[in-house]
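Following: one structure in structure tokens, then a few remarks.
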Amino acid sequence: MSLRVRLTLWFTAILAVALILFGVLVYALLTRELYADVDASVENKAHDAALSVRYENERLFIPTRIRVPESQFRSPTIYTEILDTNGQAVWRSDTLQGSDLPLEPGTLQRAHDGEPVLETVVQAGQALRLYTAPILVSGRLIGYVQVGRNLADIDVALQQLRVWLLVSIVIALVAAGGGGWLLARAALRPIDQISQAARAIGLAQRLDRRLPTPKITDEIGRLAATFNEMLDRLEAAFLAQQRFVADASHELRTPLTTIQGNVEFLRRDPDMPLSERIEALDDVADEANRMARLVNGLLALARADAGRHLERSPVELRPLIESCFHQAQALARPTNITVELVLNRLEPGARVLADADRLSELFMILLDNAIKYNRPDGLVRLIALTEGRSHRVIVSDTGCGIAPEHLPHIFERFYRSPSSRSEDGTGLGLAIARWISNEHHAKMTVESVPDVGSTFTVALPALQPTPLIPVS
Ligand code: ADP
């Protein structure tokens with residue numbers, strides 16, 4: 001069942017319950033009021049009639065002119081009768097036209113006991129409200145007065161009311177249901193449009209398309225805006241993915257072509273001199289290594305993209321930095337580059353929450369770059385220091401630096417500034433470094449002056465030393 005039908009049905013059902021309750025209440029209150037009026041009028045009339053009766057010489061004396069307002073007796077629905085103590089009619093109103101009012105068994109007895117009786121009796125299919133009361137003179141019973149009121153007009157009025165209530169409730173429900181249906185359609189039309197547009201985008205696989213956003217910022221407007229934001233993110237992720245795959249294939253193709261070329265070359269000439277053969281094999285080995293590095297880097301980034309998080313535990317920073325320093329020294333050994341370690345401002349016992357292997361990898365990426373992009377007799381400084389609530393690890397070099405226009409891009413995957421293309425590299429190092437840094441909730445920044453050098457800083461949140469609990 002569609003939302004529109006459900007909304008309309010709910011709306012109509014709630015309205016129906018409300019209208020029926022209202023109708024029942026109006027009907028019940030009106031019925032009670034009408035019957036209360038009838039009761040009051042027959043009581044009053046009986047009272048007035050009783051006052052007009054005189055009693056002389058042990059007989060009821062009925063004056064020719066009764067002091068009850070004539071108009072009341074003229075009313076065709078009012079019947080009055082005066083009875084003597086035996087229950088014999090001694091006077092009847094003209095409206096009775098000679099006949100008697102009905103007398104239920106026991107009514108006179110109850111009136112005789114001093115209790116006026118109010119009852120509804122049905123005679124010849126006519127409902128009659130009947131009031132019977134004793135007439136007392138100086139406390140002595142001299143007769144009875146009976147006043148009846150025909151209920152036909154009230155019954156007709158109530159029946160008409162029932163019909164009107166029913167008809168008006170049905171009309172109101174039909175009108176409200178129709179109106180609700182139109183309203184629900186108008187309210188839900190933008191949602192229909194959004195779902196059609198979303199479907200069209202999905203079918204056409206056009207992530208660059210956007211939904212029309214209504215000007216009003218109501219729920220529908222927000223839905224369209226949220227959907228468009230999601231499309232923005234999807235498109236960005238999709239494009240990044242496409243770029244990544246294209247870049248990765250491109251990067252892998254170069255070493256593969258070199259390897260294939262060399263293998264072909266070795267195969268073609270079996271009498272090739274040994275020196276040339278070794279050179280070709282060295283090329284193959286270099287390219288295979290480069291491919292291995294590339295594949296490792298891609299694997300790390302793919303895991304990061306899949307949302308894999310590092311498992312961290314408390315790690316002491318000084319030994320980790322010292323180990324990186326020794327590895328960097330080994331890397332720099334074939335060159336004239338000096339690697340320096342400065343640890344004097346690092347808090348003794350400084351610890352961070354880290355994945356030790358990955359953190360070492362991050363520092364090694366920075367140190368490797370600092371050696372790779374340095375001038376031949378340059379200097380690399382590895383500094384660790386504590387500042388406030390963080391430990392900073394700084395890698396600075398005296399190399400070619402990075403031009404300001406390239407600086408915003410160096411953390412992108414496969415990005416290599418034009419000047420560094422001659423160096424061996426994959427363009428994945430800093431992208432991996434940034435992921436490791438983010439996983440450690442660290443802040444990595446870079447400052448660089450072309451031809452002077454670059455400084456990479458990683459600010460790691462310090463892990464507070466666990467206070468020693470004194471043993472008493
Ligand atoms: P790779 O070093 O394998 O090319 P990276 O992601 O580590 O890839 O670095 C990306 C680019 O950033 C490098 O190609 C280089 O242009 C630039 N870069 C990184 N570190 C330095 C540095 N210390 N000095 C100068 N340029 C650097």
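Quick notes
- Output for the range 130-184, where each listed residue is surrounded by 13 or more Cβ atoms within 10 Å (Cβ to Cβ) and β-branched (V, I, T): T132, I135, V137, I142, V145, V147, I154, I169
- Residues of the range 188-220 that turn out to be part of a helix (DSSP H, G or I), closer than 23 Å to R6 by Cα and without any contact (Cβ under 8 Å) to a residue 12 or more places away in the chain, as a count: 5
- Per-region count, the range 419-428, residues over 15 Å from L294 (Cα atoms) and near the ligand (Cβ under 6 Å from one of its atoms): 1
- Taken residue by residue, the range 452-467 has no member that is in contact with a Pro (Cβ under 7 Å, 6 or more places away or on another chain), in the same structural domain as G349 (by TED's automatic domain parsing) and among the hydroxyl-bearing types (S, T, Y).
- Here the condition is being modelled with pLDDT of 90 or more, in contact with a helix residue (DSSP H, G or I) (Cβ under 9 Å, 6 or more places away or on another chain) and part of a helix (DSSP H, G or I); of L29, L9, it holds for L9 alone.
- Pair list, Cβ under 8 Å, 6 or more apart: the range 393-408 residue more than 9 Å from the ligand (Cβ to nearest atom), other residue at pLDDT 95 or above and assigned to a helix (DSSP H, G or I): V393/L317; V393/I321; V393/F363
- Per-region count, the range 325-361, residues in contact with a strand residue (DSSP E or B) (Cβ under 7 Å, 6 or more places away or on another chain) and within 16 Å of the ligand (Cβ to nearest atom): 6
- The condition of being more than 16 Å from the ligand (Cβ to nearest atom) and surrounded by 19 or more Cβ atoms within 10 Å (Cβ to Cβ) does not hold for I365.
- Unmet criterion (only one of (1) among the acidic types (D, E); (2) touching a helix residue (DSSP H, G or I) at 6+ places or on another chain (Cβ under 8 Å); (3) over 24 Å from M444 (Cβ atoms)) for D282: (2)
- Some residue of the range 429-439 being more than 42 Å from the chain's Cα centre (by Cα), at pLDDT 85 or above, near the ligand (Cβ under 8 Å from one of its atoms) and assigned by TED's automatic domain parsing to the domain that holds G388: no
- Residue check for P470: touching a strand residue (DSSP E or B) at 6+ places or on another chain (Cβ under 8 Å), modelled with pLDDT under 95 and away from the ligand (no atom under 15 Å from the Cβ): no
- Close pairs (9 angstrom Cβ cut-off, 6 or more residues apart or separate chains): more than 15 Å from R358 (Cβ to Cβ) and acidic (D, E) in the range 425-438, part of a loop (DSSP other than H, G, I, E, B) and more than 6 Å from the ligand (Cβ to nearest atom) anywhere: none
So that you can scan it fast, the table gives a plain yes or no per residue for (1) surrounded by 12 or more Cβ atoms within 10 Å (Cβ to Cβ); (2) farther than 23 Å from N438 by Cβ:
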site: E235; (1), (2): yes, no
site: P255; (1), (2): yes, yes
site: P270; (1), (2): no, yes
site: L281; (1), (2): yes, yes
site: N289; (1), (2): yes, yes
site: L298; (1), (2): yes, no
site: P319; (1), (2): no, yes
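The values are calculated or read from the model by the stated rules, or taken from the named source; none is laboratory data. A quick note: this is a predicted structure, and the numbers were derived from the prediction, not measured. All Cβ positions, glycine included, derive from the backbone under ideal geometry; neighbour counts span all protein chains shown.
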